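The values are calculated or read from the model by the stated rules, or taken from the named source; none is laboratory data. The shown structure was predicted, so the numbers you read here are calculated from the model rather than taken from an experiment. Please note: Cβ atoms are built from the backbone with ideal geometry, for glycine as well, and neighbour counts cover all protein chains shown. The area values use the complete protein model at the heavy-atom level, side chains included, leaving out ligands, DNA and RNA. Shrake-Rupley method; radii C 1.70, N 1.55, O 1.52, S 1.80 Å.
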Amino acid sequence: MKIFRKILIIGAVLVLGALLLDTVFPFPVERLHFAPSLRILDRRGEPLRFFLAPDGCWRFPVTLEEVTPELLTAIVQLEDRRFYHHPGVDPLAVARAFFSNLRRARVVSGASTITMQVARLAVPRRRTILAKIIESLRAVQLTCHYSKRQILTWYINLAPFGGNVSGVGAASWRYFGKDPKRLSLGEATLLAVLPRSPVRYDPFRNPETARGVRDRALERLAAGGAFTPQRVAAARLEPLPEKRPALPFLAPHFCQWLAREARRQNLKNAAADNGVWVTTLDARLQRLAEERLRTRSMFLRRAGIHGAAMVALDVASRDVLAWVGNIDFWDGLHQGMVDNVRSRRSPGSALKPFLYALAFARGIIAPETRLLDVPTDFAGYAPENYDHLFYGAVSAHDALARSLNVPAVRLLSAVGDAAFKELLRAGGMTTLQDDRDYGLALALGGCEVRLLELVNMYASLADGGRMRRIRWLEQGKPEPAFPWLSPAACALTLDILQDVRRPELPDGWNLTRDVPAVAWKTGTSFGHRDAWALGLSRDLAIGVWAGNPDGRAVKGISGTRQAGPLLFDLFRALAPSISPPRRETSALENHPLCAVSGLEPTPHCPLVSGRVIRDVTALSRCPWHKTLLVEEESGLRLAGDCLIGRRTREVTVLVYPAELVSWLAGQGVAPPPLPELHPACTEVPDAAAPVIVSPAAGARLMQRPDAPREFQKVALLASPAQGARWHYWYVDGRPVGKVAPDTPCFAELAPGAHIVWVTDDMGRTARRLVTIVRQ
C-alpha cells in the first residue's frame, strides 16, 4: 500500500508539474500562423494570379480536404507511421533510432514525429540533444491540446520545400503547376519526401537524386500496403518536371489593383484568412478578351497607338467579368503596366447619351424634337462638329446617333451644366471635382473619367436606369440598386444608340444577322488622345479604350475607327448569341408632334407621331408655324390699316429661328418665302429688317501693322426693326456675338474680303461686304 501511495503521489506531482509547466510555458501556437500568399481566383475557382506573402515566401494554406488523399497517406506512411496512435513522441521509433545509431556509431536515423517537426517549425533550434528533448516535450504538449487533424494541417502548410516555398499548397504549384488536389501518386510521393532535404532532392537541380528518393519511397509505400504494386509501378514511370512551371498570370492589371485595394481597405475573403480571394472574373472570358486585344494590337500600332483596355460587366449584377488594363503588361517601352481601365482620360462624346437621357427624363425634348446645329458662340466658346460641318435643324435622335457636338452643347445649356454634373456624380463618376466649374464643355467630354466607371453608367442604361455598385469579389449578395435615370428615358436613349452605324456595316447593324444586336456609342477626346467605344446587350456592358498611356496624341484617332472594331470583336468572342438591351416601355406612348419642329403642335402644324414619356414630356408649342392674313383674290399679305375693306383669308407660313435663317443665308439657301406685301400696306413690322449702319456699304478699312489686331476690332452696328430684342452677328458664317439692338458688336477681322450679316430674333436678316486692307 505504501508503494502504491508513493506511486500515486509521484504521479500526482508529475501531473501537477506538467500542468504547471504547461500553464507557465504554453505552446507558442501563434508562431504556427504565418501570413499567407495572396491567391486571386476567378468565379469558378481557377487561379488568376498569385502574390508573395509579406515575408517574401510562397505560402498557400490548405485544409486536409483540399489535398489529394495520396499525399496525406504518403506523408504519414513515410514520416510517422504511428502518427495517429502515439502521444506526440513515438517510443518505438526512439528505440529503433537509438540502437541503429549506437550500432553505426553515428547518427543514421532520427525519431522525429510529425508533431515534433511541427514543434521545431514553430521555434527553430540547432539540432542538439537538448533541442530534441524540448521538441519532444512540446510535441506531447501539442498532442494534449490539439487534434491529430490540426497537427497534420499545420505540418502540410509549414513544411519547407526549398527556397521561399513553404507548405504543400505552394510546393504543388511551384514544382508541378497544379492544385494539390490534382497531384498524381508520383508527384505526391516526391513532395512527401522533399522536406527532408529540399536542395538535395530538388528535381530541377538534381533530377536523378530526386528520382531515386521518389522511387525508393514508392517501394516503401508498396511494401507497407499503402498502395497496390500496380499503382506504384505506374507512378515510377511518371517523368519528373524538367523546369519550374510558370504561375498563373491572367488579368494582371486587375489582380494588381485588387491586391493594392484590398491592402488599403483591409478587405478579407468571406471564407477564411487563407489568402484566397474569389473574384467575379470569368477566366474563359478573360482569356478571350486578352487574345482579342493582342490580335488588334498590330492594327492599332500601325496607327501609332500602343495602348488599349477593355472591361466587361454583367448588367444585372455589375460583376466584373473581364478586365484588360493594357495590351502587354510587360511592354515597358509603352507603359504596359499602366492600368488604363482605371486611368483618368477624357471621354469625348461618350457622355452624350446621359445628357440626352437627362433631357428626356426632364421632358424638355423628345427624339423627334429639332435641335439647331449651326455656328454658335457661348461667350467665347464656339463648339464644332468632328467633321467641321454644320447640318442646320436635326432631330434629337439624329443628333445623338451622329454624335453632333453643337446640338449637345446647346442642349446642355438648356438642361444646365450643374444638373448634368450632379447626374454624372450620382452615377459613380469619382473624377469630377466639387469645386470645379466644367461649363458647357462637359457635354463634349471636357473632364476626366475612368473606363470602369463609364462602363458602369452604360450598364445602368441597359438596367432601366438602376445604378449599382461595381462588384469584383464573390462575397455576399450584390448591393441593392437605386434609381438614377427613369426607365423610359433609358429606353428612348437605347433606341437611338441601337440605330448607330457600325464601323464595318455602312448599311446598319440590322442588315447583317451574324453581328450582335447591341446599342453602342463611340467617343474621341479633344486633342486626339483617346478613342472610346461602349456597347450594351441584354446581359453585357463592354467598354473599350484605345490610345497611348503617356497621353501622346495620334493624328486621326477615332472611336469609330480604332475602338469600335475592337468592341465588336469582343462582343462576338464573349457572347456570340446575344440579345438587344432590355427596354422598359410601359411609360412610353405615341403622341402627335409637329412634323417640322418636333415640338408640341399648334393647329397649323403638319403632324407626325413620336414617342414621348407619359405625364413627363412637356414640349413647348411650336413657334415655327405662324398664321398671316392675305387678300383673298391676290394672295398678297395684309396688315394694319390695309386690312380695312378687303376680303381676307388666313394662311400658315413656316418661319425658321433667327440663327437657322442666318446659317442658311451663309450657305446660300433662302428660307421659306413669305407672301409678298400688298402695296397698300405701310405698317408691316414682320417685313422690316435691321439696317446695317457700321461698317458702311462698300467700306474698305485699313489695318495698321504697328498695332495689335485685337486693338483694331471692327464695330458692327445695325438699326433694329420693330419688335427686335436681339441682334446676332456673323462674319463669313462664323458667329461673333449676340447683342441688344443699338449696341455695337466688336469683331476682329483678318485682311481680306468678308461677308458680314446680322439677324434679329424674329429671323429678319441684312448682310454687307466689307474689306480689310493692310496699310
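Quick look at the values:
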| quantity | calculated |
| --- | --- |
| Test: residue in the stretch 730-741 that is out of contact with any Phe, Trp or Tyr (no Cβ under 6 Å at 6 or more places or on another chain), open to solvent by 60 Å² or more (accessible area, probe 1.4 Å) and not charged (D, E, K, R) | no |
| The stretch 594-614, subset in a strand (DSSP E or B) and more than 39 Å from the chain's Cα centre (by Cα), residue surrounded by the most Cβ atoms within 10 Å (Cβ to Cβ) | CYS594 |
| Selected residue (only one of ASP377, ASP387, ASP373 is among the charged types (D, E, K, R), at pLDDT below 90 and over 31 Å from the mean Cα position of the chain (by Cα)) | ASP377 |
| Leading residue by the ranking (modelled with the highest pLDDT) among those in the stretch 703-716 that are of a type in the set (A, V, I, L, M, F, W, C) and farther than 11 Å from ALA747 by Cβ | PHE711 |
| From GLY336, GLY304, residue being on the phi > 0 side of the Ramachandran plot and either touching a Gly at 6+ places or on another chain (Cβ under 7 Å) or part of a loop (DSSP other than H, G, I, E, B) (or both) | GLY304 |
| Sole exception among (1) open to solvent by 10 Å² or more (accessible area, probe 1.4 Å); (2) in contact (Cβ under 8 Å) with a residue 24 or more places away in the chain for ILE151, by number | (1) |
| Hey, GLY163 open to solvent by 50 Å² or more (accessible area, probe 1.4 Å), modelled with pLDDT of 85 or more and at positive phi or not | yes |
| Hits in the stretch 208-232 - residues which are open to solvent by less than 60 Å² (accessible area, probe 1.4 Å) and either within 25 Å of ARG244 (Cα to Cα) or among the charged types (D, E, K, R) (or both) | THR209, ALA210, GLY212, VAL213, ARG214, ASP215, ALA217, LEU218, VAL232 |
| Condition broken by SER395, with the remaining ones in (1) in contact with a helix residue (DSSP H, G or I) (Cβ under 8 Å, 6 or more places away or on another chain); (2) within 23 Å of PRO601 (Cα to Cα); (3) among the small types (Gly, Ala, Ser) satisfied | (1) |
| Residues of the stretch 182-195 that turn out to be assigned to a helix (DSSP H, G or I), out of contact with any helix residue (DSSP H, G or I) (no Cβ under 6 Å at 6 or more places or on another chain) and closer than 15 Å to GLU66 by Cα, as a count | 1 |
| Count of the stretch 339-355 residues which are open to solvent by 10 Å² or more (accessible area, probe 1.4 Å), in a loop (DSSP other than H, G, I, E, B) and in contact with a helix residue (DSSP H, G or I) (Cβ under 8 Å, 6 or more places away or on another chain) | 3 |
| Single unsatisfied condition, ALA670 versus (1) assigned to a loop (DSSP other than H, G, I, E, B); (2) farther than 30 Å from ALA399 by Cα; (3) open to solvent by 40 Å² or more (accessible area, probe 1.4 Å) | (2) |
